[in-house]
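Please read the structure below before turning to the comments.
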Amino acid sequence: MTTNTTPAAGVAQTLRRLYFVRFGFALVWAGFLVATASSLGPVSIALLVLYPLFDVVAAVLDARSSKTGRPIAALYANVAISLLAAAGLAVAASSGIPGVLRVWGTWAIVAGLAQLAVGVARRGMGGQWPMILSGAISVVAGASFVIQATMDGASLRSLAGYATLGGIFFLVSALRLGRRRAQEQ
């Protein structure tokens, strides 16, 4: 049995681990948000700001593992977008749930486009179709959050569903990367 030690294989293995961590984080975060989402209090605000900050860390780790190639620019754009989102969410929290949904929705749209670009650039690596689909769904979900912000009874609970679905896509992608790696060995 030969071991594939090409740079792409190393990137795939690093991404696989990162995707598993992102899956776990998304589920735990969603659970905490559901428990605190009835109002904007200190815990729910901290959770809202934490999510894009976690995305920043994940994108930096992803970019470092990739080192070169087209996904790097989109990953660093995602870092900037997510930092702006974290700051925007902290500010929007003072105006209420609709303001938070508008900021989150805008971030989901732009971050989804970045994720879509990264997934398309990496599609030859394998395991990226879930990321491509997740990016596209993020764009649609972001638009729905912006629309939801205009309606009576706007709620943060839908953000937990968004995070959970995103986490599931990371899990599927990690599993697909592992399957491809096993086939190449």
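Derivation of every value follows stated rules applied to the coordinates shown; laboratory data play no part. This is a predicted model, so every value here is computed, not measured. Please note: Cβ atoms are built from the backbone with ideal geometry, for glycine as well, and neighbour counts cover all protein chains shown.
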Value of relative contact order over the chain, rounded to a whole percent, pairs C-alpha under 8 Å and six or more apart: 32 percent
Inter-site label distance for Ser38 and Leu53 at 7 Å from Cα along Cβ, in nm: 2.6 nm
Charge dipole magnitude, Cβ of K and R +1, D and E -1 - the chain, Cα centre, debye nearest 20: 660 debye
Average Cα contact separation per residue, the stretch 16-79, under 8 Å, 6 or more apart, as relative contact order %: 28 percent
Global form of the chain, assessed from the alpha-carbon gyration tensor, a/c cut-off 1.5: prolate
